[in-house]
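The values are calculated or read from the model by the stated rules, or taken from the named source; none is laboratory data. Remember, it's a predicted structure, so these values are computed and weren't measured experimentally. So basically every Cβ, Gly included, is an ideal-geometry build from the backbone, and we count neighbours across all protein chains shown. What goes into the accessible areas is simple: the full protein's heavy atoms, side chains included, and nothing from ligands, DNA or RNA. Shrake-Rupley method; radii C 1.70, N 1.55, O 1.52, S 1.80 Å.
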Amino acid sequence: MAFTPAKWPRRLRSQEWYGGNSRDTIYHRGWMKNQGYPHDLFDGRPIIGILNTWSELSPCNGIHMKELAEKVKAGIWEAGGFPVEVPVFSASENTFRPTAMMFRNLAALAVEETIRGQPMDGCVLLVGCDKTTPSLMMAAASVDLPAIVVTGGPMLNGYYRNERVGSGTHLWKFSEAVKAGEMTQDEFLEAEASMSRSTGTCNTMGTASTMASMAEALGMALSGNAAIPAVDSRRRVMAQLSGRRIVQMVKDDLKPSDVMTKEAFENAIRTNAAIGGSTNAVIHLLAMAGRAGVDLTLEDWDRCGRDVPTIVNLMPSGKYLMEEFFYAGGLPVVLKRLGEGGLLHKDAITVSGQSMWDEVKDVVNHNEDVILPTDKALTQSGGIVVVKGNLAPKGAVLKPSAATPALLQHKGRAVVFEDIDDYKAKINDPDLDIDETCIMVMKNCGPKGYPGMAEVGNMGLPPKILKKGITDMVRLSDARMSGTAYGTVVLHTSPEAAAGGPLAVVQNGDMIELDVANRRLHLDISDAELAERLASWTPQHERADSGYAWLHQHHVEGADTGADLDFLKGCRGSAVGKDSH
Ligand code: FES
């Protein structure tokens, strides 16, 4: 897919505000000059918004993002552009309640209008924590002005008593060890300080690292961006180079719609399988595709990822952390391997203006224990599995690289929790009627139900089972799961319980069959009984009656199509509205 650059020079949209000498232009320019900008900066050069998700309450998007913004600015100045830094909505996974996911669409809405309503010709998306990356990319796709992603980068490796500690992954491991009596509470507290050694995002292949990898695999970030540690000087170089590059992208008119094509999404899906990426990528890529007008479905996830081996040996599926991934060569090595295996659309255009293959064909793998040879892959079929059946007519997902192979074909008795509060109230009860062959089922944690679709799908096991040394059981819900988590966990069951999906009527004692080989998820009751139960079902969850929660609950779509708000799908373009003065 060749890209033909636009002619330069030409009049840019920022000149709608700053070009000429009308009263309105003088009004706009005059206000900008109170910041000390010389007159010649308004001469028609590209004005680039640096959309910065830095926030002291988004510790993953830490103080270094302010330094990165300065380096982006330096690059923009060098290339003859005019940088303007714009703080935007930031939702941290570890802080926002009820869940950051409820605010992904709000952030996307706010950022979309932030771009469209102001004099920008292009933008740099300075992102990091899980939701910040997709929300800004969704916004950029809807406006379709030239845009480039710069991520904040992962934290350095954590270490506790000389063992690697992965963000999130070890939080789940340690808390289960405490429940099992294998770790004391004091040791857990000691480990807390070892988890986050530097500024940056989760150091595992969790959702933040996955989405940074997705941005790179989609071609929306410069090659090599995803894995550079937050505090490495090369991350600042990447920021400066991206600043230079966005100016040329504006001159060439290289837009998200040129980059985020169906082929690019297929590259990203295969990449997600190869890196053992987060199940959250499913929802975010579907939502981004919805904004870009690309017809991407859950079936594409299963089709494209089915035979892709997981070759990146990172937690939670493997052993290492993002720091080692960077030293091994990072994502370009993975993309090269996909290309060599016939699993990459090599011609896909990236923000560099080059094809994906041109970007990666000469890279070298520096550590074959981190980026594994195919015959030593963590799993030969690493793609996200999509299962369907009478329990999930619109699908549910499972990450095989994080699952126990023996549980991928399993029939068990349902132990049902009506919602997360019911789960918390019952799970530690020694009298809970459950054993390791059961399937734990949780309802009302989907996009409408929680609301916002929290990362609670990897329900911790009951202490009495952990004490037997058992660490995995089949778990099933309409929730999401942290990208740092692991286990045989069926997620995103659609339609969700709160929308009247069959999950809503599962009862304690029902038999459920998970058959990953045949992509089947079956509730073992008759069609007639299922219909009868659904006919007598009434919504159990509370609905917000005002505010953003109301908007979200009334307009959010199912996980199977990306959980975007129904009125935000599609590309609305960058047309400038009338001036009000
Ligand atoms: Fe923000 Fe992991 S919680 S990057």
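Within the shell of other residues whose beta carbon sits under 12 angstrom from the beta carbon of MET260, the net charge comes to -1, with Lys and Arg scored +1 and Asp and Glu -1. Rounded to the nearest 10 degrees, the inclination of helix 207-218 to the longest alpha-carbon principal axis of the chain is 50 degrees. Strictly over 25 Å apart at the Cα level, which of LYS394/LYS467; LYS66/LYS346; LYS131/LYS411; LYS131/LYS399; LYS131/LYS262; LYS448/LYS468 would you flag in this model? Pairs exceeding 25 Å: LYS394/LYS467; LYS66/LYS346; LYS131/LYS411; LYS448/LYS468.
Taking every protein chain into account, the 1.4 Å probe leaves THR561 with about 50 Å² of accessible area, to the nearest ten. Using heavy atoms of the protein chains and a probe of 1.4 Å, the accessible area assigned to ILE384 is about 10 Å². If one takes the longest principal axis of the Cα atoms in the chain, at what angle in degrees, from 0 to 90 and to the nearest 10, does the Cα axis of helix 104-116 lie? Taking Cα atoms only, the helix is inclined about 10 degrees.
Absence of a disulfide-compatible partner, taken as no other cysteine beta carbon within less than 4.7 angstrom, is noted in the chain for CYS123, CYS202, CYS304, CYS438, CYS445, CYS571. Computed over the alpha-carbon atoms, the stretch 1-146 gives an Rg to Rh ratio of 1.01, Rh here being the Kirkwood radius from the mean inverse distance. Magnitude of the charge dipole for the chain, about its Cα centre and with charges confined to Cβ atoms of Lys, Arg (+1) and Asp, Glu (-1), is about 1480 debye. Of the solvent-accessible surface of the stretch 78-131, computed with a 1.4 Å probe over protein heavy atoms with every protein chain present, carbon and sulfur atoms account for 57 percent. Let a ≥ b ≥ c be the square roots of the eigenvalues of the Cα gyration tensor of the stretch 437-534; is it rounded (a/c under 1.5), or, if not, prolate (a/b larger than b/c) or oblate? Because a/c hits 1.5 or more and a/b fails to exceed b/c, the stretch 437-534 counts as oblate. So for the stretch 387-485, what percent of the C-alpha to C-alpha distances run longer than 20 Å? Above the 20 Å cut-off, the stretch 387-485 has 36 percent of its Cα pairs.
Which one of ALA274, MET65, ALA79 is farthest out on the positive end of the charge dipole of the chain, using unit charges on Cβ (Lys, Arg +1; Asp, Glu -1) and the Cα centre as origin? The Cα lying farthest towards the positive end belongs to ALA79.
Over the residues of the chain, the helix contribution to mean residue ellipticity at 222 nm works out to -10000 deg cm²/dmol, using -39500 (n - 2.57) for each DSSP H run of at least 4.
As a fraction of the 1.4 Å probe accessible area of the stretch 355-395, surface on carbon and sulfur atoms comes out at 48 percent.
Of the residues GLN15, THR261, ALA180, the one whose Cα sits farthest toward the positive end of the charge dipole of the chain, with +1 on the Cβ of Lys and Arg and -1 on the Cβ of Asp and Glu, is GLN15.
Tell me whether the stretch 166-320 comes out rounded, prolate or oblate; compute the Cα gyration tensor, take square roots of the eigenvalues as a ≥ b ≥ c, and use a/c under 1.5 as the rounded threshold. The shape class here is oblate. Sorted largest first by accessible area at a 1.4 angstrom probe radius, with every protein chain in place, the residues ILE50, ILE420 fall in the order ILE420, ILE50. Each residue, ASP524 and LEU57, gets one label point 7 Å from its Cα in the Cβ direction; the gap between the two is 4.8 nm.
For GLU182, the solvent-accessible surface with a 1.4 Å probe is about 140 Å², rounded to the nearest 10.
The modelled label-to-label distance between LYS262 and ASP369, using points 7 Å beyond Cα along the C-beta direction, is 4.4 nm.
The alpha-carbon of LYS251 sits under 12 angstrom from the alpha-carbons of these aspartates and glutamates, leaving out residues fewer than 8 places away in its chain: ASP121. For the stretch 491-581, the list of trypsin sites (Lys or Arg not before Pro) that fall in a loop by DSSP and count at most 11 other C-beta atoms within 10 angstrom reads LYS578.
Sites listed here are trypsin sites (Lys or Arg not before Pro) in the stretch 342-376 whose DSSP assignment is loop and whose Cβ has at most 14 other Cβ atoms within 10 Å: LYS361.
With a simple spin-label model that places each label point 7 Å from the Cα along the Cα-to-Cβ direction, the separation between ALA406 and ASP422 comes to 3.0 nm.
Tell me the angle of helix 331-340 to the major Cα principal axis of the chain, expressed in degrees between 0 and 90 and rounded to the nearest ten. The answer is roughly 80 degrees. Based on protein heavy atoms only, the chain ends up with 37 Å² per residue of surface accessible to a 1.4 Å probe.
Residues HIS552, HIS28 ordered from highest to lowest accessible area at a 1.4 Å probe: HIS28, HIS552. Note on the chain: dipole from Cβ charges, positive end direction compared against MET249, LEU407, GLY460; the farthest Cα belongs to MET249. Radius of gyration (Cα atoms) of the chain, expressed as a multiple of 2.2 N^0.38 Å: 0.97.
Pull out a ≥ b ≥ c, the square roots of the eigenvalues of the alpha-carbon gyration tensor of the stretch 340-396, then state rounded if a/c is under 1.5, prolate if not and a/b is larger than b/c, and oblate in the remaining case.
Oblate is the answer for the stretch 340-396, as a/c is 1.5 or above yet b/c matches or exceeds a/b.
All C-alpha pair distances within the stretch 101-246, sorted into 5 Å bins from zero, spread as 2, 10, 17, 18, 15, 13, 9, 7, 5, 3, 1, 0 percent across the bins.
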